[in-house]
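The values are calculated or read from the model by the stated rules, or taken from the named source; none is laboratory data. The model shown is predicted, which means the values in this text are computed figures rather than measured ones. Positions of Cβ are backbone-derived with ideal geometry, glycine not excepted, and every protein chain shown enters the neighbour counts.
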């Protein structure tokens with residue numbers, strides 16, 4: 001039995017079909033036999049479009065939901081997103097509440113702050129670790145989400161910097177490189193400096209101010225490299241998912257037809273790229289540093305002059321010293337060389353163990369097990385140094401280690 005909502009939807013579909021056939025009176029007797037093929041084709045296309053539209057969900061985050069009607073840039077962004085998906089509008093305080101089920105969305109769009117209402121960036125901290133594509137239209141929020149550093153705004157004319165396959169959406173919209181007007185009247189774009197060493201940015205569009213190699217009007221941060229390595233945010237922490245900065249939409253209420261087309265294509269590209277994964281806990285494995293590293297050094301009474309290895313600390317990394325073997329080159333008698341092991345403990349390198357090499361054992365190729373009773377050493381940072389109580393001693397060593405992302 002049809003429910004009320006289902007019946008309403010059927011009636012709506014029928015009305016649309018009749019109108020499309022040039023019969024706005026809804027008199028079915030006026031639909032002749034020759035219209036049957038057109039009727040069937042329209043119904044098939046209508047259902048396909050409705051299914052795609054209803055199954056794609058976008059969350060638009062705005063500064064002030066209560067005043068959305070007077071927030072013209074975000075109203076314009078929503079109007080374009082409504083054409084490609086089912087859009088839910090969320091106030092920034094709703095993000096801060098921590099109760100939103102983000103898994104229902106194919107894309108999160110953080111809107112503009114140029115409509116008279118601004119974001120309090122502390123309200124959107126939940127998006128920093130969001131595991132799904134994000135499109136950010138204002139530089140202040142992009143900065144807070146560790147996508148780069150907000151910088152001065154640029155003129156309304158922008159230049160398509162790239163024309164290779166990874167930004168084919170840009171090429172499809174523009175058709176060629178060169179100056180392209182995105183705004184129907186004088187306006188500016190937000191820009192983001194994405195030159196930080198930790199970022200692996202792809203600048204899709206820059207302004208005409210000579211900042212081709214550093215500052216983006218549209219910039220993409222892929223979550224993984226081509227070989228599957230997880231990439232990082234501005235602070236060196238792991239990037240949870242791909243993120244797109246689109247500063248050219250900060251004044252979306254002034255976009256030309258070209259600008260609105262670009263907005264829709266970028267958003268649709270991101271929604272189609274995202275499939276919610278099964279929640280599987282994957283253990284990150286160590287990547288080996290091969291071959292071994294060989295060292296020849298001289299131990300003195302100053303420890304800093306003979307550091308055999310010094311690994312880490314590094315953001316989001318953990319290390320494993322797989323192998324270490326040390327050999328004194330001569331008998332140090334009557335002196336003693338002390339091998340000192342450091343590990344990372346509560347935020348600092350700490351000397352956790354020592355081993356003495358003297359006239360009784362200098363001829364042995366000392367291993368980790370010989371010196372410290374360990375087959376391997378796991379820590380966020382590892383250092384091994386040698387120091388003499390008197391005199392000097394030449395020492396040779398070989399080691400290998402591995403690292404893993406946390």
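Please indicate, with yes or no, whether at least one residue in region 352-360 is touching a residue at least 40 places away in the same chain (Cβ under 8 Å) and either out of contact with any helix residue (DSSP H, G or I) (no Cβ under 7 Å at 6 or more places or on another chain) or crowded, with 21+ Cβ neighbours inside 10 Å (or both). Scanning region 352-360, I find no residue that is touching a residue at least 40 places away in the same chain (Cβ under 8 Å) and either out of contact with any helix residue (DSSP H, G or I) (no Cβ under 7 Å at 6 or more places or on another chain) or crowded, with 21+ Cβ neighbours inside 10 Å (or both), so the answer is no.
Taking the numbered list (1) surrounded by 14 or more Cβ atoms within 10 Å (Cβ to Cβ); (2) outside any loop (DSSP other than H, G, I, E, B); (3) modelled with pLDDT under 85 in turn, residue 9 passes all entries but (1). Where in region 318-399 are there strands (runs of 3 or more DSSP E), lying wholly inside it, with at least 3 residues that are on the phi > 0 side of the Ramachandran plot and at pLDDT 90 or above? Of the strands (runs of 3 or more DSSP E) lying wholly inside region 318-399, none has at least 3 residues that are on the phi > 0 side of the Ramachandran plot and at pLDDT 90 or above.
Considering region 115-146 alone, what residues qualify as being under 20 Å from residue 215 (Cβ atoms) and in contact with a strand residue (DSSP E or B) (Cβ under 6 Å, 6 or more places away or on another chain)? If the condition is that a residue be under 20 Å from residue 215 (Cβ atoms) and in contact with a strand residue (DSSP E or B) (Cβ under 6 Å, 6 or more places away or on another chain), then 134, 135, 136, 137, 138, 139, 140, 141, 142, 143 are the ones that fit.
Any idea which of 231, 221 is at pLDDT below 75 and either in the same structural domain as residue 133 (by TED's automatic domain parsing) or farther than 30 Å from residue 74 by Cβ (or both)?
Details: 221 fails: at pLDDT below 75.
Criteria check complete, one pass: 231.
Considering every residue within region 169-190, establish whether at least one is modelled with pLDDT of 80 or more and under 30 Å from residue 101 (Cα atoms). Yes, some residue in region 169-190 is modelled with pLDDT of 80 or more and under 30 Å from residue 101 (Cα atoms).
Residue-wise test of (1) outside the structural domain of residue 263 (by TED's automatic domain parsing); (2) assigned to a loop (DSSP other than H, G, I, E, B); (3) at pLDDT below 90; (4) within 14 Å of residue 268 (Cβ to Cβ).
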{"position": "74", "(1), (2), (3), (4)": "no, no, no, no"}
{"position": "89", "(1), (2), (3), (4)": "no, no, no, no"}
{"position": "95", "(1), (2), (3), (4)": "no, no, yes, no"}
{"position": "100", "(1), (2), (3), (4)": "no, yes, yes, no"}
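Within region 128-149, which residues are in a helix (DSSP H, G or I) and either at pLDDT below 85 or more than 26 Å from residue 265 (Cα to Cα) (or both)? Hits for region 128-149 are 128, 129.
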